[in-house]
1. Which residue, of 137, 124, 96, 102, is under 16 Å from residue 26 (Cα atoms) and assigned to a helix (DSSP H, G or I)?
2. Quick one: count up the residues across segment 32-53 that are open to solvent by 20 Å² or more (accessible area, probe 1.4 Å) and either touching a residue at least 40 places away in the same chain (Cβ under 8 Å) or in a helix (DSSP H, G or I) (or both).
3. Out of all the residues in segment 50-62, is one or more modelled with pLDDT of 95 or more, among the polar types (S, T, N, Q) and in contact with a His (Cβ under 8 Å, 6 or more places away or on another chain)?
4. Given the conditions (1) surrounded by 14 or more Cβ atoms within 10 Å (Cβ to Cβ); (2) out of contact with any Cys (no Cβ under 8 Å at 6 or more places or on another chain), and given that residue 319 satisfies all but one, which numbered condition is not satisfied?
5. For segment 162-193, name all the residues that are of a type in the set (Val, Ile, Thr), open to solvent by 30 Å² or more (accessible area, probe 1.4 Å) and not in a loop (DSSP other than H, G, I, E, B).
6. If I filter segment 133-153 down to residues being of a type outside the set (Lys, Arg) and in contact with a Ser or Thr (Cβ under 6 Å, 6 or more places away or on another chain), which single residue comes out as farthest from residue 171 (Cα to Cα)?
7. Answer yes if at least one residue in segment 402-409 is open to solvent by 10 Å² or more (accessible area, probe 1.4 Å), more than 19 Å from residue 508 (Cα to Cα) and either part of a loop (DSSP other than H, G, I, E, B) or touching a helix residue (DSSP H, G or I) at 6+ places or on another chain (Cβ under 8 Å) (or both), and no otherwise.
8. I'm told residue 420 meets every condition in (1) modelled with pLDDT of 95 or more; (2) open to solvent by less than 30 Å² (accessible area, probe 1.4 Å); (3) closer than 21 Å to residue 56 by Cα; (4) within 22 Å of the chain's Cα centre (by Cα) except one. Can you identify the failing condition by its number?
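The values are calculated or read from the model by the stated rules, or taken from the named source; none is laboratory data. Because the structure is a prediction, the values reported are computed rather than measured. For neighbour counting, all protein chains shown are included, and Cβ atoms are generated from backbone atoms with ideal geometry for every residue, glycine included. Note: areas computed on protein heavy atoms with side chains; ligands, DNA, RNA excluded. Shrake-Rupley method; radii C 1.70, N 1.55, O 1.52, S 1.80 Å.
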Amino acid sequence: MKRLFRPDTVFFLVVWLLLLLAFRERGFYDPGSLWHIKVGEIILNEGMPQTDPFSYTFEGHGWVPQQWAAEVLMALTHNAAGLDALLLAFVTGVSFLFTLVFRRCVQGGMGPLLAALVVGLCLFVGSFHYYVRPHMFTIALLGWTMMCVVDFERGTASIARLATLIPLYVLWTNLHGGVLGGTMTLGLAVGGWGLLFLASARDSPIRNWRTAFVLIAIVFACLLTPFVNPHGMEMLRIWERIVGSKVLPEVIVEHMPTDPTTPLGMAVVGLGGFYLLMLAGTLPRRPHISWLIPLVWFVLSFKGIRQAPLFAIVAAVAIADMWRHTLWHRLLVKHGDGSLAWNPECDSQRLAAARGAWWWVLPVAVVLTAFALQLARVPVPVIGHGWVRFDSNFVPGDLNSAVEEYAARVPEGTRIFNDANLGGYLIYHAPGLKIFMDDRCELYGDEWLKNYYDAMQLPAEELGPIFEKWADEYGFDRAVIMARPPGKKRSSIEEYLLAHTERWREIARGKRGVMFERVR
């Protein structure tokens, strides 16, 4: 029983249950969570799309699913047991990733309580961007890359383990474009080790030219992995359009720079301060190259808030490794009671226990039980079927009946106007309709996005002629838009539609969504 109920086992189960509770609704706030499923189904049933399958504004325009492998996995999981299975896979992956970091913290000399607090902080700071979407693969695989870099530098991993990153990055390329961040992380590490080697430093893991050339070859091979995809150069052009966009940082929240005065910004700065405090505790000893890598991600997180979860995971791995070398560890070992810190170099029995290999047995049993309940459609709270629900403050699930009734009685391909953030909702719940737009920014391009968002910011009477021109040009008779939050001012589009009853009439309203019909 002691082998089964270990600190890492308890940590996994606690995090797993908390995430199931916290992300029951939140995991699907992002509209991409829903349309990715439908893309995967198209790939499975019809093959790889080459043109936009969802909108009428860009119908026939070239578009390929850059995250196709993740979308296929999402579709297969959804087909097996619905949204509950997707949430289960998401929660299990996040819990496993951070349990690995927790184990490294404990093996590095932290007590379980301190390790849980430190890892929990890193998890919390990055969790604002945790959604059931392909980008979660990037967070996990960047964490694994960082673990490989740390282990190679401290001599507990061979160069062969770094070489396994090459096929892993081929997979990563087809899961999510964040593979570029993994290659950058590995390249920074190898570059730093190379400088130490050239300076004849004894603490460089590169001890000879042969090792140096092999590491350079691994990095070069990883750089080439983005070319191993079914879309060829188009994949790289898509990434270039997203990374090089001047409009996305202005109109999409996750692409915006971090504002340190907001609660989220303060959390990122707080984690950065804690990481720097740990790093300072290793002085005057020269820091390992791997310990400095989070500095780069910390800076990048200010350029775009979506980088903050990546900073959080690499910082967590670095802190776990540097802990035993810090002043703070030495002080706690000397003056503490062993509950917060212990010395792995002296306590071989405790180190052996920390490295025990049976911690995963109970988590696997619990996860498989939950999956079996979902497959059998057994409605058990938290772990069974029917647990996932949509938060009507973000996803207008209370409009489902009106939307689905309309989609059922009109011809397939009927056009409907929608807010950009409702594109994924309509693609999922009414796949027979053609939408105005969604959040596939690489398809619509900077000019279209800027024109759309500029128009939405206009006063109602200035927006009206633009909206009526769209209605005449594209021929839609229904509009589904976000309704105002309680206590907030109505959007310009809602104001216009409500004010012009001779042209549009409201036919269904939910907490945060409203449907209008054109008067003929």
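1. Just a single option satisfies the conditions, and that option is 124.
2. Adding up the residues that qualify gives 8.
3. For segment 50-62, residues modelled with pLDDT of 95 or more, among the polar types (S, T, N, Q) and in contact with a His (Cβ under 8 Å, 6 or more places away or on another chain): present.
4. Of (1) surrounded by 14 or more Cβ atoms within 10 Å (Cβ to Cβ); (2) out of contact with any Cys (no Cβ under 8 Å at 6 or more places or on another chain), only one is false for residue 319: (2).
5. Within segment 162-193, 166, 170 meet the criteria.
6. Filtering segment 133-153 for residues that are of a type outside the set (Lys, Arg) and in contact with a Ser or Thr (Cβ under 6 Å, 6 or more places away or on another chain), the one farthest from residue 171 (Cα to Cα) comes out as 153.
7. no
8. (1)
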